[in-house]
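What follows is calculated from the coordinates using simple rules that are stated; it is not laboratory data. What you see is a predicted model, and the numbers here were worked out from it, not measured in a lab. Here the Cβ is made from the backbone with ideal geometry for all residues, glycine too, and neighbour counts use every protein chain on show.
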Amino acid sequence: METTSSSKPESLPAARSGVQPEPFDVLIIGAGAAGLMCAIEAGKRGLKVLVLDHAKKPAEKIRISGGGRCNFTNIHAAPENYISQNPRFCVSALRRYRPQDFINLVDRYQIKWHEKTLGQLFCDNSSQDIIGMLFRECERAGVAIITSSEIDEISHKDELFRLTTSRGPYACRKLVVACGGPSIPKMGASNFGYRIARQFGLKVIEPRPGLVPLTFSGPLKEKLAALSGVSQEVEVRFGKVKFREALLFTHRGLSGPAILQISSYWREGEPLRLNLLPDHDLFALLKDAKEATPKQELITVLTDHLPRRLAQFIVEETGVDGRLADLSHKKLQAVAAMVNDWQVLPNGTEGYRTAEVTVGGVDTDELSSKTFEAKKVPGLYFIGEVVDVTGHLGGYNFQWAWASGHACGQLI
Ligand code: FDA
């Protein structure tokens with residue numbers, strides 16, 4: 001799709017021709033989840049709204065999300081599921097627009113969905129259903145969307161923002177920055193939002209990749225690679241934060257929901273703690289087994305609870321092997337320590353290439369938590385992932401995009 005025309009298509013040719021255009025009431029940069037939701041709400045209020053996106057197709061991240069089925073919300077979404085320098089910033093928007101509000105919209109479009117696990121709602125069919133719904137809503141609200149539009153410059157004078165773009169000049173009274181973070185650049189992601197923030201003197205919390213696999217170096221990298229494909233439910237901890245979900249060994253290091261979740265908190269140079277058997281005190285279990293079946297091999301007990309390749313790895317790493325009867329408590333404790341409290345030191349992450357989100361972004365101190373308007377620059381707004389609010393894995397990021405877009409669109 002190149003251009004989605006609207007019920008107000010007359011604004012487009014003028015804007016393209018290079019003639020000084022009539023200002024839009026609201027111009028939104030970024031036709032992603034937050035930008036489209038904001039456009040719909042602003043358009044429904046009768047405002048003249050234009051959405052510009054540099055990508056060929058809007059909403060690409062929605063399309064690829066949730067393995068193509070879009071985990072569009074989480075019924076448990078609450079401020080605790082979000083990372084920000086100001087954990088209270090997200091409260092107002094999340095309260096104004098709840099998961100049920102988005103479910104109601106999805107239901108109005110008769111889009112079939114299901115709860116997969118942990119409150120995560122997915123489309124039965126395809127994420128295209130959500131995209132189609134948002135486009136239809138934009139159309140009904142008279143929103144114009146122009147794609148393949150590179151923005152070169154933004155200026156602000158006499159209460160008007162003026163944009164020079166590859167599609168010609170545009171002007172608007174209110175400018176909404178909804179261009180997300182730099183995660184997955186090949187999907188059109190960029191750091192343009194931060195550049196706009198800095199241009200207008202707003203602080204940006206140093207961004208970093210989040211919800212991203214962790215990588216390792218040296219001998220551990222090779223050992224983990226040998227476990228590639230093994231998966232195990234674990235509890236992973238970093239400081240006071242912990243998650244209990246699946247861990248997946250890959251040829252690059254560690255992945256799976258547990259690792260993606262903790263990666264948003266993890267800081268370089270610091271270890272993670274993994275409990276590979278969160279339901280068992282392995283030392284107690286081994287002691288009992290030693291008493292009951294002393295001739296049993298350690299590896300046999302371990303493979304009762306862990307995938308064989310992982311059990312073998314633990315035996316090799318600890319150097320403890322053989323019949324339980326021949327193993328001292330100290331040795332059993334060493335094995336148990338590795339299983340119940342294994343400390344691993346990643347050397348980095350896979351970076352923005354595979355990160356599902358960006359942690360950090362426009363400093364929330366700079367914005368109104370109600371309207372998302374920049375306190376220093378009346379008329380300039382930031383919503384969605386470009387803001388320093390990052391959700392956990394499981395539909396929380398889209399809920400933030402919908403909620404921040406909705407609040408801004410209603411109050412702009
Ligand atoms: P989003 O990134 O969606 O949109 C930004 C838009 O701005 C894009 O269309 C982009 O082209 C445009 N843009 C960027 N730079 C521009 C520029 N210079 N000029 C003009 N336009 C520009 N979340 C979730 O809750 N459930 C899920 O299932 C998933 N799954 C998932 C899978 C994968 C692979 C990824 C990468 C991410 C997810 N996410 C997710 C995260 C979710 O996609 C993300 O948090 C939201 O899309 C953020 O919405 P925004 O509208 O803020 O940015």
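Can you give the calculated 222 nm mean residue ellipticity of the chain, where each DSSP H run of n ≥ 4 adds -39,500 (n - 2.57) and the sum is split over every residue, rounded to the nearest 500 deg cm²/dmol? Write down the numbers at each step before the final one.
Values: 14 runs with 135 residues, N = 412.
Value at 222 nm, helices only, nearest 500: -9500 deg cm²/dmol.
Around E297, with a cut-off of 12 angstrom between Cβ atoms, what is the net charge of the other residues, counting Lys and Arg +1 and Asp and Glu -1?
0
Give the residue from L163, A337, I383 lying farthest towards the positive end of the charge dipole for the chain; charges sit on Cβ (+1 for Lys and Arg, -1 for Asp and Glu) and the dipole is referred to the Cα centre.
Most positive-ward Cα: L163.
Extent of the chain along each principal axis, from alpha carbon coordinates, in Å, largest to smallest?
If we take the Cα atoms of the chain, the spans are 87, 43, 33 Å.
Rank these for me by crowding, W113, W402, W342, going from fewest to most other beta carbons within 10 Å.
With the sparsest Cβ surroundings first, the list reads W342, W113, W402.
Please give the peptides 94-102, 42-50 ranked by average Cβ packing (other Cβ atoms within 10 Å per residue), highest first, as a rough proxy for protection.
42-50, 94-102
With a sphere of radius 15 Å drawn around the Cβ of L285, what net charge do the other residues whose Cβ falls strictly inside it have (Lys, Arg +1; Asp, Glu -1)?
Taking every Cβ under 15 Å from that of L285, the sum is -4.
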